[in-house]
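First up is the structure itself, then whatever we jot down about it.
The values are calculated or read from the model by the stated rules, or taken from the named source; none is laboratory data. Predicted model only: the values in this text are computed from it and were never measured. Note that each Cβ is placed from the backbone with ideal geometry, even for glycine, and that neighbours are counted across all protein chains shown. The area values use the complete protein model at the heavy-atom level, side chains included, leaving out ligands, DNA and RNA. Shrake-Rupley method; radii C 1.70, N 1.55, O 1.52, S 1.80 Å.
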Amino acid sequence: MSMRKPKLALIPGDPSGIGPELVAKLLSNPESAEKADILVIGDSHVFELGEEQSGAAFAKVACDPTSDWTRAGPYAWYETDTIDRDDIAVARVRRASGACALNCLSTALDFLKDGIVEGLLFAPFNKEALHLAGLGHNDELHFIADYLGVENYISEVNAMDGIWTSRATSHIALRDVADTVSEDRICEAVLLIHDLLRRSGIKRPRISVAALNPHAGDGGNFGREEIEVIRPAVEKMAARQLAVDGPWPSDTVFLKAKAGEIDAVVTMYHDQGQIALKLMGFDRGVSVLGGLPVPVATPAHGTAFDIAGKGVADVKAMCAAFGTVCEMAGNWRKADGVTTR
């Protein structure tokens, strides 16, 4: 088995948030260079800002990505010109910062399409700034999927300390969830997280599906979605020999996950899983962009404008996202995408 390090692109996210600081803290640890060949993409002054904020420094060497950039070490760096230093307003939403983030992301995606890198790690974006800069999609996942020409089912997946979640609906109004949840969407969410878990090294993922209504509908007294939609989807997936069960009441299914009885929970809507995971470990959560042809991950928290520029940002989630994308990129190269548990 090849022990070649994965080749990853790393971008600083929104320069007005804690992204530059997180990048400096991550890359100042020599172990990061041992785990992956990292191509840092961005304006030099953005990374210098992160070093100033964090008090941490890292060595980067300018390179031509079309050559063997992995020899540049310890970190290769591709210079961009996306924002003037004076246009960065720390802890404030700015169109210029959103444009910087979008431009760095587009560059990284070009390198992914060309096979120059195998995966992408990005520090947090600010969605308001992205939309001010012209983002024409609901979020960065749909932008990335469109950029890469992906037409299959996509969804954000979250992970924390070995517990994974996917969801049948995501960034929609809560009042629309019941009408949007369908047997097909639940099956797609199950298959998506099953594939990602296999690519993360789990040979036979154990997945539980959450109910939509209180007490899993109480036999139809509190809604019939569990009877008419969710259970048929679970049975269809079980018939394909997947280790899947449910629907489970959402106020108990995460107890199964926390006890290590399952690897993943498929939820029906955004906050059903997000609240549980963030209560268990907000500082360690990772978001994986599922359904893409390459591994892409980021910390599950946001740009944290309340602490941006203060040098106190916790790097644990960034480190966890880095570890996740490293492992997935390594497994992605294997023919079946599987290693043993």
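Filtering A335, A300 for residues that are touching a strand residue (DSSP E or B) at 6+ places or on another chain (Cβ under 8 Å) and at pLDDT below 95 leaves a single hit, A300. Applying the set (1) farther than 27 Å from H131 by Cα; (2) in a loop (DSSP other than H, G, I, E, B) to G219 leaves exactly one unmet item: (2). When the range 93-102 is limited to residues that are over 17 Å from W77 (Cβ atoms) and outside any loop (DSSP other than H, G, I, E, B), the one that is most open to solvent (accessible area, probe 1.4 Å) turns out to be R95. Pairing each residue of the range 76-88 that is among the polar types (S, T, N, Q) with any residue that is in a loop (DSSP other than H, G, I, E, B) and buried (at least 20 other Cβ atoms within 10 Å of the Cβ), provided the two are 6+ apart or on different chains, yields C-beta distances under 7 Å for T80/D43; T82/D43. Among the residues of the range 28-43, write down those that are over 20 Å from the mean Cα position of the chain (by Cα) and closer than 21 Å to F111 by Cα. Within the range 28-43, A33, D43 qualify.
Scanning the range 219-243 for residues that are small (G, A, S) and more than 23 Å from L197 (Cα to Cα), we see that the one that is surrounded by the most Cβ atoms within 10 Å (Cβ to Cβ) is G223. Would you say E226 is touching a helix residue (DSSP H, G or I) at 6+ places or on another chain (Cβ under 8 Å), among the charged types (D, E, K, R) and part of a helix (DSSP H, G or I)? The answer is yes for E226. Here K5 meets the list (1) surrounded by 15 or more Cβ atoms within 10 Å (Cβ to Cβ); (2) within 21 Å of L112 (Cβ to Cβ); (3) modelled with pLDDT of 95 or more almost entirely, failing just condition (3).
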